[in-house]
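The values are calculated or read from the model by the stated rules, or taken from the named source; none is laboratory data. Model, not experiment: these values are computed from the prediction. Heads up, the Cβs are rebuilt from the backbone with ideal geometry, glycines too, and the neighbour counts pull from every protein chain shown. Keep in mind that these areas ignore ligands, DNA and RNA; they rest on the heavy atoms of the full protein, side chains included. Shrake-Rupley method; radii C 1.70, N 1.55, O 1.52, S 1.80 Å.
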Amino acid sequence: GMYYLAFNMRDGKFPMNTYEFRQAMDIVIDKEFVVNNVLGGVVFPMYSTMPPGNGFWHKEVDTPYVGLSREERVNLAVQVLTDAGWSWDTPPAWNEDTQDVDPGVGIKGPGGQEVPEITILGPGPAYDPLRATFNQWISEWGRELGFPMQSELTGFNTILGPVFVDASFDMYILGWSLGNVAFPSYFYDFWHSSQDT
């Protein structure tokens with residue numbers, strides 16, 4: 001199985017519907033750090049939705065951000081956003097003295113568009129401490145970039161309505177069973193338009 005982060009990319013769901021926001025989040029999310037330093041290696045980072053155990057279909061994919069330092073990740077994410085027309089009153093920056101990120105302040109999208117509060121839904125630690133941990137780290141890294149992002153850990157049943165019925169979510173973290181069958185039929189279930197909310 002896999003844990004995954006979903007973005008609501010429907011029309012009007014800014015900034016999730018912008019490629020550069022999703023790319024910047026991909027850059028700053030350090031899966032290897034959480035897996036190895038926080039969770040002690042009880043899970044492993046995935047770089048595609050095809051598990052390595054499915055040898056016939058699995059292929060190695062490019063992993064351009066693996067091995068980047070925190071400073072490199074933040075600088076690259078800021079560059080991606082800046083190149084796409086995003087701006088800050090005070091941009092995020094690496095602080096050599098504290099060896100940490102000074103968070104961005106007053107982020108605006110291209111054309112000065114205000115960024116609304118962004119919520120990442122996810123199951124609470126009582127249901128799944130691994131997803132809850134990832135949720136909190138991801139929201140922290142989003143805040144470093146200046147996004148008004150918060151982690152909302154809640155009961156699993158509370159997530160179902162906003163995600164699978166109303167499609168009113170911003171982002172969420174859930175899991176998906178991939179099985180161990182020769183043909184990955186879950187690709188249809190997961191992505192085909194007929195399976196949309």
Check your understanding: Say the dipole of the chain comes from +1 at the beta carbon of Lys and Arg and -1 at that of Asp and Glu; which of Trp57, Met171, Val80 then lies farthest toward its positive end?
Key -> Trp57
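Using the Cα gyration tensor of the range 43-121, with a ≥ b ≥ c the square roots of its eigenvalues, what is the shape: rounded (a/c below 1.5), prolate (a/b larger than b/c) or oblate (neither)? List each step's numbers first, then the result.
Details: a/c = 2.53, a/b = 1.79, b/c = 1.42.
Prolate is the answer for the range 43-121, as a/c is 1.5 or above and a/b outweighs b/c.
Kindly provide the helix-only [θ] at 222 nm of the chain, computed as the sum of -39,500 (n - 2.57) over DSSP H runs of four or more divided by all residues, to the nearest 500 deg cm²/dmol? Intermediate values should be presented prior to the final figure.
Details: 5 runs with 51 residues, N = 197.
Estimated from H runs of four or more residues: -7500 deg cm²/dmol.
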**Study point:** Chain lengthening between Gln113 and Asn36 when straightened (0.36 nm per residue, less Cα-Cα)
**Key:** 24.0 nm
Exercise for review: List the lysines whose Cα lies under 21 Å from the Cα of Lys59, skipping any in the same chain that are fewer than 8 positions away.
Suggested key: Lys31
Point to revise | Rounded to 5, percent antiparallel among DSSP beta bridges of the range 59-193 | key: 45
Exercise for review: Could you tell me the distance between the Cα centroids of the range 73-117 and the range 139-197, to the nearest Å?
Suggested key: 25
Review point. Quick one: if you stick a label point 7 Å off each Cα along the C-beta vector at Asp83 and Trp57, how many nm between them?
Key: 3.2
Point to revise | Helix axis angle, 129-144 relative to the chain longest principal axis, alpha carbon, degrees | key: 30
Exercise for review: Would you be so kind as to identify which of Gln113, Thr98, Tyr47 lies farthest towards the positive end of the dipole of the range 41-120, taking Lys and Arg as +1 and Asp and Glu as -1 on Cβ and the Cα centre as origin?
Suggested key: Tyr47
Check your understanding: What is the dipole size for the range 65-197, taken about its Cα centre, with +1 at each Lys and Arg Cβ and -1 at each Asp and Glu Cβ, in debye to the nearest 20?
Key -> 360
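Determine the per residue accessible area of the chain with all protein chains present and a 1.4 angstrom probe, expressed in square angstrom. Walk me through the numbers on the way to the answer.
On the way: 10480 Å² over 197 residues.
Each residue of the chain exposes 53 Å² on average to a 1.4 Å probe.
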Revision key, fill the gap. So, for the Cα atoms of the chain, Rg and Dmax in Å stand at 17.3, 52
Check your understanding: How far is helix 70-83 tilted, in degrees, relative to the longest principal axis of the Cα atoms in the chain, given as a value from 0 to 90 rounded to the nearest 10?
Key -> 80
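Any idea what the relative contact order of the range 1-125 is, in percent, if you count C-alpha pairs under 8 Å spaced at least 6 apart? It would help to have the intermediate numbers written out before the result.
Values: 121 pairs, mean separation 24.6, N = 125.
It comes to 20 percent, rounded to a whole number.
Local charge sum around Ser87 (other residues, Cβ-Cβ under 15 Å, Lys/Arg +1, Asp/Glu -1)? Could the numbers behind the result be given before it?
Working: positive: Lys108; negative: Glu20, Asp83, Asp89, Glu114.
My count for the surroundings of Ser87 gives -3.
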Check your understanding: How would you order 36-43, 163-170, 102-109 from highest to lowest mean count of nearby Cβ atoms within 10 Å?
Key -> 102-109, 163-170, 36-43
Exercise for review: Taking the chain as the reference, fit the longest principal axis to its C-alpha atoms, fit the long axis of helix 19-28 to the helix C-alpha atoms, and give the angle between the two in degrees, 0 to 90, nearest 10.
Suggested key: 90
Check your understanding: Rank His58, His192 by accessible area, highest first, at a 1.4 Å probe radius?
Key -> His192, His58
Exercise for review: May I ask you to list the lysines whose Cα is less than 23 Å away from that of Lys108, ignoring any residue fewer than eight positions away on the same chain?
Suggested key: Lys13
